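Asks: Handing you a structure now.
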Amino acid sequence: MLMSRSIHISVRAKLILMLLPPILGLAYFSVSQVMSSYNLYWEHDKIQSLSQSSVQAATLVHELQKERGLTADFIDSQGKEFATQLSVQLSVQRKLVDAEIEQWDLRVKLNSTQDYGSEFAAGLAKSNRQLMKLVPTRAKISNLSINAKDAFDYFSTLNLNLLNLSEALPKISSESSMGNRAAAYTSFLYSMERAYIESALMAGVFVEDNFSTVNYQKFFGLVAMQSTYMNVFQSIATPEALAFYRNTLAGEYIAETKKMRNIAINSAKKNSIGVDSTHWVKMQAGKIKLLKNVDDWLAADLLRFSAESTEAARSSLITVSVIALIVFMLSVLFSYHVQNYMVKYLDYVNDIATSIAAASAR
């Protein structure tokens, strides 16, 4: 009996040692799969959150762009009859901007900036420092104690700082489909910001009816940057985005602004450009509305895709975790039953051998 128990323990230990490596290997593989799925889910969750922040930043920038335009008009109109009307419009627009800033602050508080890297954290801090200057800058504008160029430059710098934050999106995505959508959206926003600046710059140039060397260089640079960013956008945007973009940016506004732009490009050394500033402002405003429609479509598509990707990653994580747990438990249960069966079988063989030996001894 003592020998049987000794054999029983020895065999059980050996069986455990034999079954332990494959079980541990299966456990390692299962944990690796779960961790891989978890990391993918965590990445998509961060991307979804950052996508929402990028869209919120773009919405704020859009309102700041309108305030910038009204600010320039207000400063240029000092002493004129319609200055009071512009002051009212500017006051209304400032309230719209303030409302978007509140939404932006709420969005920022929901995120841990370190999740998106040190570059994003530094960019966000820079944007917030610029936003803190908004109130004192507005006071100078209302008192007409700041020139139009400095006020315009302040808003332009703030806008670019906010738009720069969206560059973190493609950097934290390991999937090209998400990264390309984010990069295309960012490139489009950069181009759209230059379109706003071009609109304001050329309105003044057409009023003067001639180019200064500085203004022509600015104009040419803005046209080149818009073209570059749009080329990037078109090279990586989805077929659906390109189709919407091409169908939207068509018609009178696009044709007329392109025509007036070409006239300006060919009038660098002429005494008179010959373009009606009022017509330019009207056509360019229409073009920017079309650009905003594309902006809205791209933003909605980015949010939809990031939400769907996050949900798919979450479902995958749950599925992989459940399967890994079931497989591991079944393998342990199977090993346990195999071990018990082998021990009982060997005990049975040992009992038979003992019985035969006892019978032979008689």
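Asks: Hey, any hits in the range 146-168 for a residue that's among the basic types (K, R) and without any contact (Cβ under 8 Å) to a residue 40 or more places away in the chain?
Replies: First pass over the range 146-168, keeping only residues among the basic types (K, R): 149.
Those left that are additionally without any contact (Cβ under 8 Å) to a residue 40 or more places away in the chain: 149.
Scanning the range 146-168 turns up at least one residue that is among the basic types (K, R) and without any contact (Cβ under 8 Å) to a residue 40 or more places away in the chain.
Asks: Quick one: in the range 329-355, of everything that is modelled with pLDDT under 75 and among the hydrophobic types (A, V, I, L, M, F, W, C), which residue is nearest to S37 (Cα to Cα)? It would help to see each step written out before you state the result.
Replies: At the first step, the residues of the range 329-355 found to be modelled with pLDDT under 75 are 331-332, 334-351, 353-355.
After this cut, where a residue has to be among the hydrophobic types (A, V, I, L, M, F, W, C) as well, the list is 332, 334, 338, 342-343, 346, 349, 353.
Numbers: V332: 23, F334: 27, V338: 32, M342: 38, V343: 39, L346: 43, V349: 48, A353: 54 Å.
Checked the range 329-355; the qualifying residue nearest to S37 (Cα to Cα) is V332.
Asks: Just the residues that are crowded, with 16+ Cβ neighbours inside 10 Å, more than 17 Å from R194 (Cα to Cα) and either among the β-branched types (V, I, T) or at pLDDT below 95 (or both), please, taken from the range 274-298.
Replies: V275, S277
Asks: Still on this structure, I have one more. Can you tell which of L144, L106, L96, L70 is among the aliphatic types (A, V, I, L, M), out of contact with any Phe, Trp or Tyr (no Cβ under 8 Å at 6 or more places or on another chain) and on the phi > 0 side of the Ramachandran plot?
Replies: L144
Asks: Residues that are assigned to a helix (DSSP H, G or I) and surrounded by 13 or more Cβ atoms within 10 Å (Cβ to Cβ): does the range 266-273 have at least one?
Replies: In the first step, residues of the range 266-273 are kept if they are assigned to a helix (DSSP H, G or I); the result is none.
Looking through the range 266-273, none of the residues is assigned to a helix (DSSP H, G or I) and surrounded by 13 or more Cβ atoms within 10 Å (Cβ to Cβ).
Asks: Please return the ranges of helices (runs of 4 or more DSSP H) entirely within the range 166-258 where 2 or more residues are at pLDDT 95 or above.
Replies: Details: elements: 168-172, 176-208, 213-236, 239-248.
The qualifying helices (runs of 4 or more DSSP H) are 176-208, 213-236, 239-248.
Asks: To continue, here is another question. Among E100, E119, which is the only one that is modelled with pLDDT under 95 and acidic (D, E)? Explain how you work it out, then say what you get.
Replies: Working: E100 fails: modelled with pLDDT under 95.
It is E119.
Asks: Inside the range 165-214, can you point out the residues that are surrounded by fewer than 17 Cβ atoms within 10 Å (Cβ to Cβ) and among the small types (G, A, S)?
Replies: S174, S176, S177, G204, S212
The values are calculated or read from the model by the stated rules, or taken from the named source; none is laboratory data. Here the structure is a predicted model, which means the values were calculated and not measured. Note that each Cβ is placed from the backbone with ideal geometry, even for glycine, and that neighbours are counted across all protein chains shown.
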